[in-house]
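Engineer: Structure incoming, see below.
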Amino acid sequence: MERPRERLIIVLDDLDFAWRQEDIDRVKRLWKYGLHIEEIAEYVKRKSDEVTLLLMHLSRSGKIKKRVGGVFGDRGCKKGA
């Protein structure tokens with residue numbers, strides 16, 4: 001595939017897309033438990049955007065299911081409340 005001649009913009013270059021399996025397993029457990037994404041990010045010491053992208057990946061690959069409260073969960077912190 002030939003690269004375009006115009007300048008390309010790389011998006012999300014400030015995020016880390018690499019995850020260790022033990023951290024993925026922890027995120028899945030915390031998701032299932034019902035924690036808010038911000039709290040999950042604190043537990044695994046990652047940016048909430050990185051956790052969000054991991055959860056999107058896990059959802060698309062059928063490794064997590066929808067839950068009560070969606071991304072906000074039904075336990076833990078209630079951001080903005």
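Engineer: Compare Arg67, Arg20, Arg29 in a GNM of the chain, Cα atoms joined below 10 Å, and give the one with the largest fluctuation.
Structural biologist: Between Arg67, Arg20, Arg29, it is Arg20 that shows the largest mean-square fluctuation.
Engineer: Is region 21-70 rounded, prolate or oblate when judged by the Cα gyration tensor, a ≥ b ≥ c being the square roots of its eigenvalues, rounded requiring a/c under 1.5 and prolate requiring a/b larger than b/c?
Structural biologist: Taking the square roots of the gyration eigenvalues as a ≥ b ≥ c, region 21-70 is rounded.
Engineer: What's the tally of Lys pairs in the chain whose alpha-carbon atoms lie under 14 angstrom apart, where the two lysines are 8 or more places apart or on different chains?
Structural biologist: Taking the Cα cut-off of 14 Å, the pair count is 6.
Engineer: Output the 0 to 90 degree angle, nearest 10, between the alpha-carbon long axis of helix 21-33 and the longest principal axis computed from the alpha carbons of the chain.
Structural biologist: 50
Engineer: Calculate, in nm to one decimal, what Asp23 and Ser59 gain on full extension: separation in residues at 0.36 nm each, minus their alpha carbon distance.
Structural biologist: Once the chain is fully extended between Asp23 and Ser59, it gains 11.4 nm.
Engineer: Using unit Cβ charges (K, R positive; D, E negative) and no other charged atoms, how large, in debye to the nearest 20, is the dipole of the chain about its Cα centre?
Structural biologist: For the chain, the charge dipole is close to 440 debye.
Every read-out reported here was derived from the displayed coordinates using simple, explicitly stated rules and does not represent laboratory data. On a predicted model such as this, the values are computed, not experimentally measured, just so you know. Note that each Cβ is placed from the backbone with ideal geometry, even for glycine, and that neighbours are counted across all protein chains shown.
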